[in-house]
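What follows draws every value from the coordinates through simple rules; no lab data is involved. Remember, it's a predicted structure, so these values are computed and weren't measured experimentally. So basically every Cβ, Gly included, is an ideal-geometry build from the backbone, and we count neighbours across all protein chains shown.
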Amino acid sequence: MKNVLVVSYSQSGQLADIVSALTRPLREAGVSVQHEVLCPEPAFPFPWSFFGFFDVFPESVRLDPRPNCPLTLAPDAAFDLVILAWPVWFLSPAQPMTAFLQSDEGRRLLAGRPVVSVVACRNMWLTAFDTLKTLVAEAGGRLVDHVAFTDRASALATFITTPRWMLTGRRNGFFGLPPAGVDARQVAGAARFGEALAEALGRDEEQDGQPMLAGLCAVKVVPHLVLSERAGQRAFRFWSGLVRRCGRAGQWRRLPALVLFVLYLVTMIVTVVPLNLVVQRLAAPFLARRVAVLTRRYEQPSGASDARMAIYD
């Protein structure tokens, strides 16, 4: 019997549904699945307060998370495969997943193990995935697969529906806008990854270091977001440093700096982001090669191919 460890953090419940759909075929195939849900101390609220939402920004970007409660695993627990299920906070992995990967416990569990990454977010996960890959490597893990679930609505719609969901807990459609988050068909489709993993584990393929989820349309990189995300990450590094110099997390004296950051963010969304898309379209012939290289890089290791999709329909 193969032993699989699932480590997840789902604040809204969306990622918990994805993990449930993905692990069901593993359990049905007789794989032993141990699921550990990360519990930060103190817990992050959901829905967020306005200040609370932006107050986690600096520490998320700077990889300085609040700690998690200890896991329930036995000290000598060992696994054949580790699945990390995580959301994105401000173009970085959510703090609970960062805290796990930086902890002694996380390093022990990942050392020498194959790792599958599963992310669910609005639509921007590329730079956060870069960070996660680095953290997994530093913990001694071997990232063999990556699956991304994203909100398929337009960027304009999600600029409205996602913040509404985070700040009110309401994700339903309204005024002609679609519901926020990953749609039900994508969530149900997570089962194909569980089926493929179960078959691969049965053939000991996790030991090969090669992707087990290739050909299942594991990721879809949006080319025009590649350069935008990288520019956004550079800006977030600057602003996170500025806010942290004004005070620690939870201190009101950092509030003026956070207000300035929010004003900057709104201004960027309303003016610079649309302008940047126009500039990218005009400069597309000159940027095409660079964007293509970055797109292929972010599609690794599992890829965007759907060559094996028919097997799991």
Computed, not fitted: 222 nm per-residue ellipticity of the chain from DSSP H runs ≥ 4 (each -39500 (n - 2.57)), nearest 500, equal to -14500 deg cm²/dmol
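Using the crude model of +1 on Lys and Arg Cβ and -1 on Asp and Glu Cβ, and no other charge, please compute the dipole size for the chain relative to its Cα centre, in debye to 20. Mind showing how you got there, number by number?
Numbers: 33 positive and 26 negative charges, 275 e Å.
Its charge dipole is roughly 1320 debye.
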Residue-ordered couplings for the stretch 205-221, obtained by feeding phi - 60° into the Karplus form 6.51 cos²θ - 1.76 cosθ + 1.60 and rounding to whole Hz (Gly and Pro as x), are 6, 5, 7, 7, x, 9, x, 9, 10, 5, x, 10, 6, 6, 9, 9, 7
The set of cysteines in the chain having no other cysteine's C-beta under 4.7 Å reads Cys121, Cys217, Cys246
Ranked by GNM mean-square fluctuation in the chain (Cα springs under 10 Å), the top entry among Leu26, Leu260, Leu227 is Leu260
The alpha-carbon center of the stretch 124-138 and that of the stretch 1-66 are separated, in whole Å, by 16 Å
Here the Kirkwood hydrodynamic radius of the stretch 1-72, Cα-based and in Å, equals 14.3 Å
By the mean-Cβ-within-10 Å protection proxy, highest first, 70-82, 88-100, 138-150 rank as 88-100, 138-150, 70-82
Final fewest-first order of Ser8, Ser32, Ser103 on the 10 Å Cβ neighbour count is Ser32, Ser103, Ser8
Semi-axes a, b, c in Å (a largest) for the chain, each sqrt of 5 times a Cα gyration tensor eigenvalue, come to 31, 24, 19
